[in-house]
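Here is the structure we will look at, set down as structure tokens.
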Amino acid sequence: MIAAFYHPGFAAPIGDHLMPMRKFALVAEGLKSNPEVRVMEPAPVTEEDLRLVHTPEYIRAVRTGIPRALAESQKLPWSPALFPSVCLTNGACVAAARQAQRDGLAAALASGFHHAQADHGEGFCTFNGLVVATDALRKQGEVQTVAILDLDLHYGNGTAALAATRPYLRALSIYGNDYQANVAYRDVTVRRHTDGPNHLSVALPAGCDGDGLNEILDRHLPDLLKSGRPDLLLYQAGADPLQEDPYSPLALSEVDLLERDRRVFAFAKQHALPVAWVLAGGYARDVAKIVEVHLNTFKAGSMVLASRA
Ligand SMILES: [Zn+2]
């Protein structure tokens, strides 16, 4: 049984926005008929836990809308509904991380918010749910070390920046779009960010197909273990590497992404790592395609849970 944390309050009324908020509801709906998944409601993250990662000034801005530029730094229009919504999505990340410790696998039907920085948001990411979950669990002594595997199309710049001051965290971002100008990454010789000892990145070449991705995963997944086996793996399972995605320069089908997820879960099982995953990006015009990729991650999870180690 895989727990999936979802709350109808995830979707802040942000109008006809690029971020397809309704995909979270569609994934929750799609899971209703899956007897191997239990959809559960998370509690909102506490402001105390947010403060483990984010500055009081930034948290206050998102709560009150003042100053407006900071409250909207993630590029979502501010309204009083924004703060309760992002507290629920971050609460889902914390709940999934906690549940994974018990069940081996759990999911938050929310984004991981990997662009969010300590003192401001970026790229639709308000608070960094991956690092908030890490620090919330560490505070309670539930984990000591955490690895974050980011396979969203975009480079996880916020997670990398937050990892730089957290030696107990190990972050690996395998991306096809360098995010900074949000144009597809086409020249692997150009790198606009610096890796650190505990935050690494791997650029996928333009046109990367399933075989190419599998090879890179097999080569780099062991990087997650280089500072010792972590107590928990947080997995950002983006749907935007899909070839139909407007930002993707990659040649990955939904079948390739299902195999990606299967490999990640099999690697985790092999090393007895509990995994909590989040849905992250996905901007293909046909929302059914995005939902299919996210539902496939559950399929991959069930396959690996059922398989013999
Ligand atoms: Zn993305």
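The values are calculated or read from the model by the stated rules, or taken from the named source; none is laboratory data. Computed from a predicted structure; not experimentally measured. All Cβ positions, glycine included, derive from the backbone under ideal geometry; neighbour counts span all protein chains shown. Just the protein is used for accessible areas: all its heavy atoms, side chains included, with ligands, DNA and RNA removed. Shrake-Rupley method; radii C 1.70, N 1.55, O 1.52, S 1.80 Å.
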Q. Under a Cβ-Cβ cut-off of 10 Å, what is the net charge of the residues other than Cys208 that fall near it, where Lys and Arg count +1 and Asp and Glu count -1?
A. -4
**Q.** Gaussian network model of the chain, Cα within-10 Å springs - most flexible of Asp152, Asp286, Asp240
**A.** Asp286
**Q.** Radius ratio Rg over Rh of the stretch 154-285, counting only Cα atoms, Kirkwood formula for Rh
**A.** 0.94
Q. Considering only protein heavy atoms, what is the solvent-accessible area of Cys87 at a probe of 1.4 Å, reported in Å² to the nearest 10?
A. 10 Å²
Q: With a ≥ b ≥ c taken as the square roots of the eigenvalues of the C-alpha gyration tensor of the stretch 44-93, please select rounded if a/c is under 1.5 and otherwise prolate if a/b is larger than b/c or oblate if it is not?
A: oblate
Q) Tell me, what ³J(HN,Hα) does each residue in the stretch 31-38 have, in order and in whole Hz, if you take phi through Karplus 6.51 cos²θ - 1.76 cosθ + 1.60 with θ = phi - 60° and put x for Gly and Pro? A) 7, 4, 8, 8, x, 8, 10, 10
(Q) How compact is the stretch 85-167 by the rule of thumb for globular proteins, expressed as Cα Rg over 2.2 N^0.38 Å? (A) 1.02
Q) Highest GNM mean-square fluctuation, the chain, Cα pairs closer than 10 Å: which of Gly104, Gly129, Gly207? A) Gly207
Q.
Kirkwood Rh over alpha-carbon pairs of the stretch 39-195, then Stokes-Einstein at 20 °C and 1.002 mPa s: what D in µm² s⁻¹, rounded to an integer?
A. 134 µm²/s
Q | Amide hydrogen neighbours beyond the local backbone of Ile2, cut-off 5 Å, H modeled | A | Val37, Arg38
**Q.** Candidates Ser33, Ser248, Ser201: whichever shows maximal mean-square fluctuation once the chain is modelled as a Gaussian network with Cα springs under 10 Å
**A.** Ser33
Q. How large is the charge dipole for the chain, taken about the Cα centre, if only the Cβ atoms of Lys, Arg (+1) and Asp, Glu (-1) carry charge, to the nearest 20 debye?
A. 600 debye
Q) So what's the back-of-envelope 222 nm ellipticity for the chain, counting only DSSP H runs of four-plus at -39500 (n - 2.57) apiece and dividing by all residues, rounded to 500? A) -11500 deg cm²/dmol
(Q) Between the stretch 127-184 and the stretch 283-309, what is the separation of their alpha carbon centroids in Å? (A) 22 Å
Q | Rounded to 5, the percent of DSSP beta bridges in the chain classed as antiparallel | A | 10 percent
Q. Taking all protein chains as present, what is the carbon and sulfur share of the accessible area of the stretch 2-306, in % to the nearest whole number, probe 1.4 Å?
A. 55 percent
**Q.** Counted charge near Pro197, where neighbours are those whose Cβ lies closer than 14 Å (Asp, Glu -1; Lys, Arg +1)
**A.** +1
Q) Between Gln117, His54, Gly30, whose Cα lies farthest towards the positive end of the dipole of the stretch 1-119 when Lys and Arg beta carbons carry +1 and Asp and Glu beta carbons carry -1, centred on the Cα centre? A) Gly30
Q | Amide H contacts of Glu122 (H built 1.01 Å from N, under 5 Å, at least 5 apart or other chain) | A | Ala116, Gln117
Q. With every protein chain in place, what's the accessible area of Glu29 (1.4 Å probe, Å², nearest 10)?
A. 110 Å²
(Q) What is the ratio of the Cα radius of gyration of the chain to 2.2 N^0.38 Å, with N the residue count, to two decimals? (A) 0.90
Q) How would Met303, Met40, Met1 rank on accessible area, largest to smallest, probe 1.4 Å? A) Met1, Met303, Met40
Q. If you average the sequence gap of Cα pairs under 8 Å that are 6 or more apart and divide by the length of the chain, what percent do you get for the contact order?
A. 18 percent
Q. To the nearest 10 square angstrom, how much accessible area does Arg166 have with a 1.4 angstrom probe?
A. 20 Å²
Q.
So, for the chain, what is the accessible surface per residue at a probe of 1.4 Å, expressed in square angstrom?
A. 39 Å²
Q | Arg51, Arg262, reordered so the largest accessible area comes first (probe 1.4 Å) | A | Arg51, Arg262
